[in-house]
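Encoded as structure tokens, the structure appears first; notes follow it.
Nothing in this text is a laboratory measurement; each read-out follows from the coordinates by a stated rule. The structure displayed is predicted, hence computed values, not measured ones. Neighbour counts are summed over all protein chains in view; Cβ atoms, including those assigned to glycine, are modelled from backbone coordinates with ideal geometry.
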Amino acid sequence: MNKKVLIGLTITAVTAVTQAKVFAQTAVQETSTDTYVYLILGALLFTLAVLFASIMIFESGERRVKKTAAAVAVSNEALLITEHEYDGIQELDNPAPAWFQFLFYITIAFAIAYMIIYHVTGKPNLSNDEYVQEMTAAQMQKDELIRSGALINENNVAVLTEQADLDKGKEIFTANCVNCHAADGGGSVGPNLTDQYWIHGGGIKNVFTTIKYGVPAKGMITWQNQLNPKQIQQVASYVLTLQGTKPAAPKAPEGNIWADSTTAAPKDTLKK
């Protein structure tokens with residue numbers, strides 16, 4: 001390709017890109033609409049398309065001439081030798097195929113369009129901005145799950161001691177459990193909750209499990225379909241506060257005495 005033509009086209013492209021960037025910045029500062037941005041971007045892409053088409057036309061014409069000359073005198077390499085020389089070394093004018101160069105021009109156009117869309121107009125989010133937004137949304141979801149108690153299960157549940165939680169547990173107990181366990185926990189159809197005897201094990205984890213899955217064989221329904229994990233934790237914690245109280249008509253003990261392994265004193269295994 002003629003060097004002057006290539007230089008002229010390059011200058012035209014650079015000028016178009018520079019003007020488009022200035023116009024885009026001015027449009028963003030002066031108005032909040034996207035009309036100017038899209039018009040400028042379209043004009044830039046049209047200019048680049050014309051530039052690429054011109055390059056391909058000039059390049060195709062020159063290659064056709066050189067191929068014709070080379071076909072006439074294949075053995076005469078002087079027709080293909082370029083004008084420049086470095087340290088006595090000359091090279092043949094053997095450019096890359098047109099399709100390969102066209103792909104290269106496409107990458108240039110993509111880079112320019114990407115720069116304008118993401119770094120000049122700032123309309124879409126950059127990858128780092130998207131990461132921060134997604135992490136913020138995930139943290140909010142996690143906080144909501146923790147607040148609602150959705151992450152609580154029989155393996156990680158802990159006793160609640162805040163009065164507000166115990167009051168809520170008492171409210172749930174009064175609304176759902178008094179028919180079987182009496183208002184004071186002394187028991188009626190269900191077992192006594194105030195003594196040290198437990199049918200399915202005591203402690204927060206066992207009580208939580210019993211409430212969550214119920215005891216269908218004994219008529220106790222599965223409460224996980226009606227109470228969320230936080231509510232089950234609250235009512236289980238309240239049930240444990242009934243230990244040692246004096247109900248009006250306590251039911252006879254059922255089950256076995258429960259000793260929490262986390263609080264029970266270690267046994268002396270030394271032989272005397």
Note to self: Suppose R0 equals 25 Å. What FRET efficiency, 1/(1 + (r/R0)^6) with r the Cβ-Cβ distance, do residue 252 and residue 163 give to the nearest 0.05?
What the structure shows: 0.20
Notebook entry, point to check: In nanometres, what is the gap between the two model label sites at residue 224 and residue 123, each 7 Å from Cα along Cα-to-Cβ?
Noted result: 4.9 nm
Checklist line | Placed amide H near residue 220: partners under 5 Å, 5+ positions off or other chain | finding: 215
Notebook entry, point to check: Let a ≥ b ≥ c be the square roots of the eigenvalues of the Cα gyration tensor of region 138-272; is it rounded (a/c under 1.5), or, if not, prolate (a/b larger than b/c) or oblate?
Noted result: oblate
Checklist line | Förster radius 41 Å - calculated FRET efficiency between residue 141 and residue 105 (Cβ-Cβ, nearest 0.05) | finding: 0.35
Checklist line | Charge dipole (debye, nearest 20) of region 163-257; +1 at Cβ of Lys and Arg, -1 at Cβ of Asp and Glu | finding: 160 debye
Next item on the list: With the Cα gyration tensor of region 76-211 in hand, convert its eigenvalues to equivalent ellipsoid semi-axes via √(5λ) and list them largest first in whole Å.
Entry: 81, 18, 12
